1. Pick from 21, 208, 56 the residue whose mean-square fluctuation is largest in a GNM of the chain, springs joining Cα atoms under 10 Å.
2. Going by C-beta contacts inside 10 Å, put 63, 84, 185 in order with the fewest on the left.
3. Mind telling me which of 98, 219, 176 comes out most flexible in a GNM of the chain, alpha-carbon contacts under 10 Å?
4. What is the fewest-to-most order of 139, 174 by other Cβ atoms lying within 10 Å of their Cβ?
5. Based on the alpha-carbon gyration tensor of the range 3-250 and its eigenvalue square roots a ≥ b ≥ c, which shape applies: rounded if a/c is under 1.5, prolate if not and a/b is larger than b/c, or oblate?
6. Counting other beta carbons within 10 Å of each Cβ, put 132, 138 in order, fewest first.
7. Which lysines, if any, have their Cα less than 27 Å from the Cα of residue 202, not counting same-chain residues under 8 positions apart?
8. Let me see the pair-distance distribution of the range 125-220: every alpha carbon pair, 5 Å bin width, integer percents in order.
Amino acid sequence: MAKIIAVANQKGGVGKTTTSVNLSACLAYIGKKVLLVDIDPQGNATSGAGIEKGDVEECVYDMLVNDVDTKTVIKQTTVENLDMVPATIQLSGAEIELVSTISREVRLKRALASVASDYDYIFIDCPPSLGLLTINALTAADSVLIPVQCEYYALEGLSQLLNTVRLVQKHLNTELEIEGVLLTMLDARTNLGIQVIDEVKKYFREKVFDVIIPRNVRLGEAPSHGKPIIIYDPKSRGAEVYVELAKEVVAGGKKVR
Ligand code: ADP
Ligand code: MG
């Protein structure tokens, strides 16, 4: 049975998609069967994993709103062991359309249940909001991985996210855990980065992953080539750290509630 991990933070630009794509690909690289599910209407994970939007006939929208079978929506990526449920801009209507549908919060959970036994891990790349799409991800997931950018105001907004996690734990998914908080885009040359690490560790303690993702030019370039970092530049620091993170996740993450 797959472990399902939602990658969530309602702030944009904190490294959700970079982490979803590269952690998925690195787990696939070390031999795990992985499904990456894009639920952001911007579809950045879809293109970052090398899926051409023009090749997508049915996307996650059809799965969530029109009950299209998950297996028909899944696409193989160019990375061995990595499959994908793609998103297109069509998904931008889903947040509103889902409001009036039956069992609106559990649609993703139900859709993934039919394929969970085919994979070791399923990652869900969330949009930058705490709306119904993110709620669907948190309801479907075993755990949530929270990327936090090493910048000023890093902790701002996280109490809303944690509040949403608590509400989902209470009403929709009592088993939901926090997989871990991942510090991203660290610029080791500045004192600010070090201060932010201290601050985040003080707040989240043992929930913070040991691996910290540095700012790495190759990580920023890879999406425009439609390749995860492990394919685009396997010798880069970016590839190394995401492989380390994959191993930390396999070892059990931070396993806390
Ligand atoms: P989110 O999905 O949270 O909005 P992204 O993963 O798309 O954030 O990251 C925002 C931008 O920062 C993207 O252009 C991405 O390529 C870049 N980026 C993310 N992580 C890194 C990193 N470690 N080093 C350099 N650039 C990064
Ligand atoms: Mg994103």
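Values in this text are rule-based calculations from the coordinates and carry no lab data. Everything quoted here is computed from the prediction, not taken from an experiment. Cβ coordinates were reconstructed from backbone atoms using ideal geometry, including for glycine residues, and neighbour counts include every protein chain displayed.
1. Result for the chain, Cα springs under 10 Å: 56 fluctuates most.
2. 185, 63, 84
3. Among 98, 219, 176, the largest GNM mean-square fluctuation belongs to 98.
4. By the 10 Å Cβ count, ascending: 174, 139.
5. Oblate, since a/c reaches 1.5 and b/c is not below a/b.
6. Details: 132 22, 138 26.
Fewest-to-most ranking of 132, 138: 132, 138.
7. 11, 16, 170, 247, 254, 255
8. 3, 12, 23, 22, 18, 13, 7, 3, 0
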